[in-house]
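The values are calculated or read from the model by the stated rules, or taken from the named source; none is laboratory data. It should be emphasised that the depicted structure is a prediction, and the values quoted were computed from it without experimental measurement. Glycine gets a Cβ as well: all are built from the backbone with ideal geometry, and neighbour counts include every protein chain shown.
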Amino acid sequence: MSDVVERTLTALPSLLSSDPSPGRPSSTSKLGTLIRGITELTSKHDEEKLIQRELVSIKEQVSSPNTTMRQMKELMVRAVYCEMLGYEASFSYIHAIKLAQQGTALDKRVGYLAVSLFLNESHELLLLLVNTVLKDLQSTNLIEVCMALTVVGQVFPKDMIPAILPMVEEKLNHPKEIIRRKAVLALYKFYLIAPNQVQHIHSKFRKALCDKDPGVMSASLHIYLEMVTEKPESYKDLVVSFVTILKQVVGGKLPIDFNYHSVPAPWLQIQLLRILSLLGKNDRSTSEMMYEVLDESLRRAEMNHNITYGLKALTYVVQQDANLALQHQMTIIECLDHADLIIKRETLELLFRITNGQNVKVIVEKLLEFLRHSKDDYVTIDLGGKVTELAEKYAPDNSWFIRTMNTVFLLVGDQMQPDIPNSFLRLLSEGFESAEEDQQLRLLAVDSYVSLLQEQPARLPQRFLQVISWVLGEYSSVKEGLEPATVLRLLAPLLDLRHCSSETKSWVLAAMTKLSAGPACLSVAQELAERHGGSLDTTLRQRLHELQHLASDGELLRRVLPCSDGLEPLEVDSTLSFLDGFVSEALAAGAAPYKPPHQRQEELAQEKALSVEPYGLSLPLSLSSSSIAGRLSPTVLSMSSGLSGNSTELSPKGGSALRLEGVTRVWGKEGYLAKAALKPEEAAKTEVPCPLSVLQEGGSAPRTPVVSLPAPAPGPSLQAEREKQQLASCLFMGLGSQGAAGPCLMGKAEPTRHGFRKKVKGQGSSSGARGPSGDSASSSPSPLSAQSAMDNLLCSSPLDSGSTPSPADSAPSPADSAPSPADSATSPADPAPHLPHDLPANNRPCDAQEDLTEDTDTSETVVEGNSVAVVDPYDPEPLCLSPHLPEELCGLPRSEIRPLCRDASLVLSACCVRTDHSSLLVVFVSNASDSAARRFALQMTSGDLEVSRVRGGPEEEEEHVEGHSVAVYQYSLVPTRPSVHMELAGRASYQRPDGEPQSTPFSYGLSLPDFIRPLSVSTEEYGRLWLASSNDIKQNLALLSQEPDPLRATLHRLRDRLQLNVVDIIASEGIVACQLLQGPPCLMHCRLNAGCLAVWLRSSLPELPDCLLYHCQRALAQH
Amino acid sequence: MIKFVLMVNRQGQTRLSRYYQPVELGKRAALEADVVRGCLYRKKEECSFVEYKDFKLVYRHYASLYIVVGITESENELSVYELVHNFVEVLDKYFSRVVSPIMFNMDKVHIILDEMIQNGHVVETNHSRILAPLSALDTLAHS
């Protein structure tokens, strides 16, 4: 088949003679000449020149009245070609519509084609097509009806659907299948762009589904796929229909010409399977209706043997039946050594699925090998997770497991998903059924880590160092003859590593603290304290201090860090009942009862909501402290309102009982339970495959006749072949005999072998005594042993953020300084260091930069190529103008450059620039024509503004604007009176080269913020100004309540948007000042009140507060 | 769904392009060059599916012509791979009868493609049905 095109391309001789249409030889050759011309070109520049020439010639011809429709068709094809190469041919759009309207037969079809290629749904010219479509739909010529329906199915203005909908619906009953089919596809388009418009014709969709013609029926499936995706439950009654259709298709009931290489309508099968998979998802009874036909489809779908693309299908199928992989083992082996990385990775994915206890070693070795050479972060992380999963599930022995995990830690490094080290540590600490095995595993881990540290610790990734530290801290005692001091000396150098993060250092120190018994250790500890005692990292210093302290006091060390073997789960009293005594004492002494933060917040809001008048509460207080009656200084107010800030005292709620519900539910042994407990379940969920999707994908492989796999032919590479077969027998071991050691496919339970993960998961049920929250805690992935859990409970240091392990408390005894309930509730937060959750972002390259440069390119060509259209007057900001901004104004805040007006030769644009003491309107006059605009003048007037020309002589001075140049005019604007919006009307007049006077009006809108400047005053000055101003206005404004500090965020938003100066923020109040350009100040006092910002504005100018308030509201409403 | 269909020659020049998701005119050339770079230089024995940004490419090579199809993550590569072949079979059927260089009849190739793919979905694969409208137009021109 690969010579198909070759044949047609080389079969030139009969080209002209057999061409049916008489006018086409020339047209073919014209497009042909263009294509050949372009093929021969070598540089992009030449191509551009050629295309521009071509476009000029097309443009000339399309507008000529003598052009026939046939020629027009040929021109449109060329225009399409030019546009396809990236050169806009917008002048031809209207002609394409004309061709569709006036042409006949193929010419008309090409007209429609060009329209569908040129215009997108929202293009306004498309409206001009509606009448043509209407006419053609009513045509007696079926071909024209067909064309109209085709274009409607491709591109049609959404708003015009009602105009043609009845006619399209009517076509559903047409005797010709092709018309019915096209009508269904047109309705499908309507459903895609405006589903509401076709809501009422659902019954007609059903009729189409039952159409006797398979083409019409399959067209209706597109609509059903969309609808089922959206709302599967509404279409369950159709399952039987879909199943019946599929059965008929698979059974070969369709006409023979629907077959593709003797497979009955494969694409139709795919479509049906997609719909069924959606309908059967999470619905057992519905799914059961499908099983038979799915089985049939799968049975008939033979594997595609082309190794280059059959793998994915195999991967999916294998999830259903691992034996299928057996038939293709040699193919898979070939793929493993394939040069194409994509194939290689797919192969590994497949191997991952067929892994079992017998082949795990070989498969993991293959995965690791790939991992070693992987440069793609995403692949590395993904494979790291896979290897870990396999190792935990199928590890044949302990030392293999430790070795494999070491490799994973080394290769994947710090990009590793955080749950890998977590679950690994949990595995070590929680152990399995046999204590002996556990000890052996730990011993192996300790052994391998000690030797790793002796070699080159500097090369180890952070995550791995953390794991090593923890394991050594907990279990180095398992190894007989390994002195704690030796371990300490191994760990100590890690603190000197430059790349060692503060977090890792904490792990290291935590481990050292656990081991620091005996005089030898004390000396190491003291050495360390001397060396790092001056560190700027406070956490580190605290840990050092703890280490030193505990190393010198063995008795205390044993109490704080009891040396247990960590096997029995720690009993945590998550109700914190041991603090009851402390709490009741504190309450008796007058302390406020604890309230969870959300409750506190609620009460605060409620309490505040009661006061209607914003200043009601503080008014009497400030009256007493201020001698000026009636005129209140906000600065005084802020001080007085601070006095009444303690809401908890005034709270009507909250008895003497300690509120525990909120605490126990959220916090537990592992920290934040709600999140932690969910994790493993989620993980388990993702492992369960959806059998339907499996089937769907598997069955979707277009079938080809059964071809048995070529048997490996004995030849010169016999040796290599034998090796491969050997590898195959290793890889596919255990796949054939499903019973005893069947492959553990995703989601299927492994009956015989108990992998690591399995045992750990089962542990929750076998563990004994636990606190109320114990069961949820058991499944959360914490590497915490009994010891370190205790540490965390002991730790009351405010420095401890909970993100680093806390091995010991600096306080000598827990009894001496009982932590307050609130503190201890937060400090046992996740004892595992928070491993960053950020996965690498999509490797989608950022092409914003590219786009930008491209844009500038096009704008430049627009300027140069003046034969084509010039700047679009409604371009948001003609990029080419900003360089013309006067030098002294560059860098100053300004509005975007907006077009003012344009005529044949001039384009006027303007922007407003704010300097400290003025607002300038900068007008750019660009003359794109070849001749100068003589005696150019600008006149501007405004009722709200005083306008004066800044540069040059007196106003209305006559000037010339040369061709292809940009002249810049500056006007200073001063508001005569404040107003929300200000309008500037103007007129540009000049003389055309032929002496004809030309005049164009324009207008430019400005708003108050263009004339607002920050006013910098001190708090005292502000107070004086406040008293001096009248014209009060009070209002509540929306608060940016999502921000952590709503008041500050809100005021800063106002500052940034409106150029206000935030003078001061005191507690829940803020004062803000600004000034009208060359006018009086306006002061604003803001106060948090019941979730709103209560503002009080004052100014000597009556209108100013009002206008400013309007803009404040707008600034806060925009997000 | 299908995002676009490209036909490019060996030099990487676009011979035909059809987009089913809006892509700005100015960005098409760069996208096409990028896509072509991703497919043309692959060896024959390498996989016909390429991951590209957030979507996938499926390509086939016929003599001096490459057909590259951009598809979304959820689309079935194999189905598209076969669809390309089906398309070429249809072209072969039509143009072996009319006999003229395919690319010089870009309009007709487009018309054929329009019958097969609409809005990025496969709407017809039956050869005779795909060619029916075009054949009707040809007969019309004859008479």
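Can you say whether B:GLY120 is more than 25 Å from A:PRO264 (Cα to Cα) and either crowded, with 19+ Cβ neighbours inside 10 Å or modelled with pLDDT of 90 or more (or both), as far as the supplied structure shows?
No: the conditions fail for B:GLY120.
Need a quick list: helices (runs of 4 or more DSSP H) entirely within the range A:1-87 having at least 1 residues that are at pLDDT 75 or above and more than 9 Å from chain B (Cβ to nearest Cβ).
Those helices (runs of 4 or more DSSP H) span A:24-40, A:44-62, A:69-84.
Go through the residues of the range A:989-1002 one by one and say whether even a single one is part of a strand (DSSP E or B), in contact with a helix residue (DSSP H, G or I) (Cβ under 7 Å, 6 or more places away or on another chain) and either closer than 26 Å to A:ALA1117 by Cα or at pLDDT 85 or above (or both).
For the range A:989-1002, residues part of a strand (DSSP E or B), in contact with a helix residue (DSSP H, G or I) (Cβ under 7 Å, 6 or more places away or on another chain) and either closer than 26 Å to A:ALA1117 by Cα or at pLDDT 85 or above (or both): absent.
Residues checked against (1) within 17 Å of A:ARG558 (Cβ to Cβ); (2) in contact with a strand residue (DSSP E or B) (Cβ under 8 Å, 6 or more places away or on another chain); (3) free of Cβ contacts under 8 Å to residues at least 24 places away in the same chain:
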{"site": "A:LYS505", "(1), (2), (3)": "no, no, no"}
{"site": "A:LEU509", "(1), (2), (3)": "no, no, no"}
{"site": "A:LEU522", "(1), (2), (3)": "yes, no, no"}
{"site": "A:LEU528", "(1), (2), (3)": "no, no, no"}
{"site": "A:HIS532", "(1), (2), (3)": "no, no, no"}
{"site": "A:LEU536", "(1), (2), (3)": "no, no, yes"}
{"site": "A:THR539", "(1), (2), (3)": "no, no, no"}
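Go through (1) in contact (Cβ under 8 Å) with a residue 60 or more places away in the chain; (2) within 38 Å of the chain's Cα centre (by Cα); (3) more than 14 Å from A:SER1016 (Cβ to Cβ) one by one and return the number of the condition A:CYS1092 breaks.
Here A:CYS1092 clears every test but (1).
Looking only at the range A:411-451, which residues are in contact with a Leu (Cβ under 7 Å, 6 or more places away or on another chain), without any contact (Cβ under 8 Å) to a residue 60 or more places away in the chain and under 28 Å from A:ASP376 (Cβ atoms)?
A:LEU411
Can you give me the ranges of the helices (runs of 4 or more DSSP H) entirely in the range A:327-383 with at least 2 residues that are crowded, with 19+ Cβ neighbours inside 10 Å and at pLDDT 80 or above?
A:341-353, A:360-373
Working only within the range A:130-175, note down all residues that are assigned to a helix (DSSP H, G or I), more than 38 Å from the chain's Cα centre (by Cα) and either on the phi > 0 side of the Ramachandran plot or among the polar types (S, T, N, Q) (or both).
A:ASN131, A:THR132, A:ASN173
Of all residues in the range A:267-282, how many are touching a Pro at 6+ places or on another chain (Cβ under 8 Å) and over 14 Å from A:LEU221 (Cβ atoms)?
Going through the range A:267-282 one residue at a time, the tally reaches 1.
Filter the range B:67-78 down to the residues that are of a type in the set (Ser, Thr, Tyr) and either crowded, with 20+ Cβ neighbours inside 10 Å or at pLDDT 90 or above (or both) and list them by number.
Answer for the range B:67-78, where residues must be of a type in the set (Ser, Thr, Tyr) and either crowded, with 20+ Cβ neighbours inside 10 Å or at pLDDT 90 or above (or both): just B:THR72.
Surrounded by fewer than 22 Cβ atoms within 10 Å (Cβ to Cβ) and more than 7 Å from every other protein chain (Cβ to nearest Cβ), is that true of B:SER135?
The answer is yes for B:SER135.
Can you tell which of B:LYS27, B:LYS3 is touching a strand residue (DSSP E or B) at 6+ places or on another chain (Cβ under 6 Å) and of a type outside the set (A, V, I, L, M)?
Only one candidate qualifies: B:LYS3.
For every residue, the table says whether it meets (1) out of contact with any helix residue (DSSP H, G or I) (no Cβ under 9 Å at 6 or more places or on another chain); (2) within 28 Å of A:LEU34 (Cα to Cα); (3) part of a helix (DSSP H, G or I); (4) more than 9 Å from chain A (Cβ to nearest Cβ).
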site: B:VAL84; (1), (2), (3), (4): yes, yes, yes, yes
site: B:ILE111; (1), (2), (3), (4): no, yes, yes, no
site: B:GLU124; (1), (2), (3), (4): no, no, no, no
site: B:ARG129; (1), (2), (3), (4): no, no, yes, no
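Give the range B:28-51 a look and list any residue that's of a type in the set (Ser, Thr, Tyr) and at the interface with another protein chain (Cβ under 10 Å from one of its Cβ atoms), or say none.
B:SER48
Being surrounded by 18 or more Cβ atoms within 10 Å (Cβ to Cβ), of a type in the set (Gly, Ala, Ser) and at pLDDT 85 or above is the filter here; which residues of the range A:416-450 pass it?
Matches in the range A:416-450: A:SER423, A:ALA445.
Within the range B:1-27, take every residue that is over 17 Å from B:CYS39 (Cβ atoms) and within 8 Å of chain A (Cβ to nearest Cβ) and give me the one that is surrounded by the fewest Cβ atoms within 10 Å (Cβ to Cβ).
Among those that are over 17 Å from B:CYS39 (Cβ atoms) and within 8 Å of chain A (Cβ to nearest Cβ), it is B:PRO22.
Any idea which of A:LEU1101, A:LEU1027, A:LEU1039 is at pLDDT below 85 and in contact with a strand residue (DSSP E or B) (Cβ under 6 Å, 6 or more places away or on another chain)?
Going through A:LEU1101, A:LEU1027, A:LEU1039 in turn, the sole match is A:LEU1039.
Out of the range A:1003-1021, which residues are touching a strand residue (DSSP E or B) at 6+ places or on another chain (Cβ under 8 Å) and farther than 20 Å from A:LEU1077 by Cβ?
Selection gives A:SER1003, A:SER1018, A:THR1019.
Any residue at all in the range B:41-51 that is at pLDDT below 90, surrounded by fewer than 17 Cβ atoms within 10 Å (Cβ to Cβ), of a type outside the set (Gly, Ala, Ser) and assigned to a strand (DSSP E or B)?
Yes, the range B:41-51 contains a residue that is at pLDDT below 90, surrounded by fewer than 17 Cβ atoms within 10 Å (Cβ to Cβ), of a type outside the set (Gly, Ala, Ser) and assigned to a strand (DSSP E or B).
Only one of (1) surrounded by 19 or more Cβ atoms within 10 Å (Cβ to Cβ); (2) not in a helix (DSSP H, G or I) fails for A:LYS212. Which number is that?
Of everything listed in (1) surrounded by 19 or more Cβ atoms within 10 Å (Cβ to Cβ); (2) not in a helix (DSSP H, G or I), A:LYS212 misses just condition (1).
Please give the number of the condition A:HIS95 fails out of (1) closer than 19 Å to A:LEU55 by Cβ; (2) within 14 Å of chain B (Cβ to nearest Cβ); (3) touching a residue at least 12 places away in the same chain (Cβ under 8 Å).
(2)
This table checks each residue for (1) in contact (Cβ under 8 Å) with a residue 40 or more places away in the chain; (2) small (Gly, Ala, Ser); (3) surrounded by 15 or more Cβ atoms within 10 Å (Cβ to Cβ).
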residue: A:ALA932; (1), (2), (3): yes, yes, yes
residue: A:ALA967; (1), (2), (3): yes, yes, yes
residue: A:TYR971; (1), (2), (3): yes, no, yes
residue: A:THR976; (1), (2), (3): no, no, no
residue: A:HIS981; (1), (2), (3): no, no, no
residue: A:SER1018; (1), (2), (3): yes, yes, no
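Do you know which residues across the range A:106-137 are surrounded by 18 or more Cβ atoms within 10 Å (Cβ to Cβ), more than 10 Å from chain B (Cβ to nearest Cβ) and not hydrophobic (A, V, I, L, M, F, W, C)?
A:GLY111, A:THR132, A:ASP136
Considering each of A:ASN196, A:ASN173, A:ASN259 in turn, give the residue that is polar (S, T, N, Q), within 25 Å of B:ASP114 (Cβ to Cβ) and more than 14 Å from chain B (Cβ to nearest Cβ).
Result: A:ASN173 is the single residue among A:ASN196, A:ASN173, A:ASN259 that is polar (S, T, N, Q), within 25 Å of B:ASP114 (Cβ to Cβ) and more than 14 Å from chain B (Cβ to nearest Cβ).
Take A:VAL151 and tell me if it is in contact (Cβ under 8 Å) with a residue 40 or more places away in the chain, hydrophobic (A, V, I, L, M, F, W, C) and within 19 Å of A:LEU106 (Cβ to Cβ).
Yes; evaluated as a whole, the condition is true for this residue.
In the set A:SER277, A:SER262, which member is surrounded by 22 or more Cβ atoms within 10 Å (Cβ to Cβ) and either at pLDDT 70 or above or of a type outside the set (Phe, Trp, Tyr) (or both)?
None of the others qualify; the one that does is A:SER277.
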